[in-house]
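Asker: The structure follows.
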Amino acid sequence: MTTKGQIIVLSGPPGAGKSTVARLLADEGQLGPATVHLHTDDFWDVIRQGAVPPFLPEARRQNETVVGVAARAAAGYAAGGYAVVVDGVVGPWFVDAYRAAARADGVAAHYAVLRPDERTTLERGTTRAGHPLTDPGPILAMYAQFADLGAYEPHALDTTGLTPEESAEAVLAALGEGRLRLS
């Protein structure tokens, strides 16, 4: 019998350090012997015709579809025994897709929001070499969307001034405290 894994949705605005921290969490073995780094940008990149930049308001239907597919993929891996680190801009408005997929497959789901201060986020986000989103406008708009997480505020981690390794440790500590779990 396979031991069920878990889903850790690692989110935050562009430039928060999600991809770097997700790689560390998935590669360091601290989440278990079998891990997956699920980079949600890849789910948007496979749309060959009719893709709408996901930060535009008219992308809502597309984004709901993509998030649903990514959530089901994450739950499928977790049901197979993997610890899945989902790396993407997953605001509170999309958390229910992950919660529902996890519940359907009987796996635990957690939500962590990396939230460095605005200056740090903007500096990191606009200087990413080769990244398709370095425009300050959308980065600041998405930063503002993560400023108040409402009921998910306890899931926010201030990573201002932290190295990626320290940010990964902060995520692991919060997971250990149980404060990132989605009920």
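Derivation of every value follows stated rules applied to the coordinates shown; laboratory data play no part. Quantities reported herein were computed from a predicted structural model and do not represent experimental measurements. Ideal geometry is used to build each Cβ from the backbone, glycine not excepted, and the neighbour counts take in all protein chains shown.
Asker: Restricting the stretch 68-110 to residues that are of a type outside the set (G, A, S) and farther than 17 Å from V36 by Cβ, which is farthest from the chain's Cα centre (by Cα)?
Answerer: R103
Asker: Shifting gears a bit: Checking the structure you have, find out if any residue of the stretch 118-125 is among the hydroxyl-bearing types (S, T, Y) and either crowded, with 17+ Cβ neighbours inside 10 Å or under 19 Å from F43 (Cβ atoms) (or both).
Answerer: yes
Asker: Checking the structure you have, find out if any residue of the stretch 18-30 is farther than 11 Å from V89 by Cβ and in a strand (DSSP E or B).
Answerer: Within the stretch 18-30 (the criterion being farther than 11 Å from V89 by Cβ and in a strand (DSSP E or B)), the answer is no, since none of the residues qualifies.
Asker: Of the residues L38, L24, which single one is within 14 Å of Y82 (Cα to Cα) and touching a helix residue (DSSP H, G or I) at 6+ places or on another chain (Cβ under 6 Å)?
Answerer: It is L38.
Asker: Identify, by number, the condition in (1) in a strand (DSSP E or B); (2) of a type in the set (A, V, I, L, M); (3) surrounded by fewer than 18 Cβ atoms within 10 Å (Cβ to Cβ) that I8 doesn't meet.
Answerer: (3)
Asker: Right, next: Do you know which residues across the stretch 101-111 are on the phi < 0 side of the Ramachandran plot and out of contact with any His (no Cβ under 6 Å at 6 or more places or on another chain)?
Answerer: Listed by number, the residues that qualify are A101, A102, R103, A104, D105, V107, A108, A109, H110.
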